[in-house]
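Structure provided below as structure tokens; questions to follow.
Throughout, read-outs are computed from the coordinates displayed, never taken from laboratory work. In this text the structure is predicted, and so the values were computed from the model without any measurement. Note: ideal-geometry Cβ built from the backbone for every residue, glycine included; neighbour counts use all protein chains shown.
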Amino acid sequence: MTSISTGQHPADPAAGDDPLPAEFSSPGGRELALEMLRRMYAVRLFEEATIALFHAGDLPAMVHLSIGQEAAVVGACMATTNDDYMTGNHRSHGHPIAKGARLDRLMAELLGKATGVCGGKGGSMHLADFSIGSLGESGIVGSAIPVATGAAFAAQVRRSGQVALCFFGDGAANEGVFHESANIAGTWRLPVIYFCENNGLAVSAKMADTTAVPDIAIRAAGYAMPGVVVDGQDVLACYRATAEAVARARSGGGPTLIEAKTYRFHEHAYGLAVPVPYRDQAVVDTWFNTVDPIALFIDRLRRWSLADEATVDEVRAAVEGDVEQAVTFARQSPYPPPAAAYTDLYAETPEDAA
Ligand SMILES: Cc1ncc(C[n+]2csc(CCOP(=O)(O)OP(=O)(O)O)c2C)c(N)n1
């Protein structure tokens with residue numbers, strides 16, 4: 001297991017110590033790097049748009065943002081395909097965006113519109129988008145972990161070669177459901193990747209006050225699977241660790257637990273005031289200036305001569321256009337009719353289909 005100390009970000013590799021990685025020097029490598037940048041911008045700008053919508057009164061509820069955690073979600077998702085399954089938690093937009101979901105239908109879902117990915121019934125915290133393998137996000141902490149485990153079991157039974165990528169936080173890793181799922185995945189060698197986005201906090205509770213071990217990845221040993229700690233602000237490190245876990249899972253080698261040490265730049269949920277002061281704003285400001293995953297990646301893209309300023313601006317401008325279009329689409333879409341409340345409640349059985 002690689003190890004970095006909890007809560008610390010390793011120094012950005014100094015120029016000269018950071019040669020162009022194999023992933024980006026092979027054919028298609030530059031495109032891969034720029035797609036990582038594009039998706040990280042998509043998460044950031046989509047969520048900044050949700051903040052604006054919240055203040056405008058268009059967004060009817062608080063939102064849990066992945067801003068600061070973009071490298072973790074994008075690196076992990078880009079190591080999977082649309083056929084692979086994914087589940088997530090209440091920090092729910094970053095996962096489907098990172099996996100390649102259309103922004104317009106996601107934004108419409110957040111506004112409760114009929115054109116949303118779930119017809120407006122899921123909202124921010126319960127998004128699902130089967131077109132990209134997203135089985136669902138969930139506001140019930142820990143509840144999507146057994147769903148991913150079950151999906152991995154189904155893939156194993158069907159010998160489909162699919163894997164399930166399961167996102168959860170350090171808080172969820174203290175719930176029984178994580179341990180039960182990891183135990184059965186380790187026992188049955190299920191093709192699942194448990195990806196813990198460890199931002200060191202569960203609402204206002206600090207990990208050190210609630211968790212017996214300094215690294216969640218240590219727990220992998222109890223379930224006979226590899227445990228890996230990665231720098232969650234480094235998109236390439238997250239991609240590499242997940243790609244290795246995906247290859248192992250597809251070849252029958254069973255599950256992996258990856259822990260990405262990351263940071264949440266905003267409040268637990270935007271629009272929810274946590275009454276207890278639990279972190280120093282100066283520290284958060286320092287994060288913005290020193291461990292912004294997008295800024296760190298842009299520096300490296302320049303150093304590797306994969307993108308100059310104009311290319312970065314072009315990528316960002318294209319995403320800005322997509323987000324604007326998504327907001328317009330969502331605003332202009334109709335709300336579902338009241339009768340829609342009674343549809344899509346039950347799965348179709350084989351008898352229904354006959
Ligand atoms: C079963 C359950 N218990 C408690 C909550 C309230 N709650 C919502 S988010 C959260 C913290 C989750 O922390 P973590 O899993 O580390 O994810 P993070 O918010 O840090 O991304 C809690 C306790 C809940 N939604 N569901």
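What residue among ALA154, ALA341, ALA101 has the largest mean-square fluctuation in a Gaussian network model of the chain, using Cα springs under 10 Å?
ALA341
Using a cut-off of under 13 Å, list every residue of region 225-250 whose amide N is near the label point 7 Å from the Cα of ARG303 along the Cα-to-beta-carbon line.
234-237
For LYS206, go through the aspartates and glutamates and keep the ones whose alpha-carbon is under 16 Å away, minus same-chain ones fewer than eight residues off.
Hits, sequence-local ones excluded: ASP170, GLU175, GLU197, ASP215, GLU267, ASP280.
Aspartates and glutamates within cross-link reach of LYS121: Cα-Cα under 20 Å, excluding same-chain residues under 8 positions apart?
Within the straight-line cut-off, LYS121 pairs with GLU47, ASP58, ASP104, GLU109, ASP129, GLU137, ASP344, GLU348.
Using a 10 Å cut-off on Cβ atoms, rank the peptides 287-297, 328-338 from the highest mean neighbour count down.
287-297, 328-338
Among ALA220, ALA269, ALA237, whose Cα lies farthest out toward the positive end of the dipole of region 217-354, if unit charges sit on the beta carbon of Lys, Arg (+1) and Asp, Glu (-1)?
ALA220
Farthest toward the dipole's positive end in region 91-217, which of LEU190, ILE132, PRO146, given Cβ charges of +1 (Lys, Arg) and -1 (Asp, Glu) about the Cα centre?
Of the listed residues, the answer is ILE132.
Long-range amide H contacts for LEU165: which residues qualify at under 5 Å (H placed 1.01 Å from N, peptide plane, sequence gap of 5 or more or a different chain)?
TYR85, MET86, THR87, ILE193
Please work out, to two decimal places, the log10 of the ratio I(q)/I(0) at q = 0.08 Å⁻¹ from a Debye calculation in which every Cα of the chain carries one identical scatterer.
Cα-only, vacuum Debye calculation for the chain: -0.37.
Let me ask something else about it. Under a plain spin-label model, where a point goes 7 Å from the Cα along Cα-to-Cβ, how far apart in nm are ASN183 and ALA22?
Placing both labels 7 Å beyond Cα along the Cβ direction yields 3.8 nm.
Can you give the helix-only mean residue ellipticity at 222 nm for the chain, where every DSSP H stretch with n ≥ 4 adds -39500 (n - 2.57) and the sum goes over all residues, rounded to the nearest 500 deg cm²/dmol?
Calculated at 222 nm, the ellipticity per residue is -13000 deg cm²/dmol.
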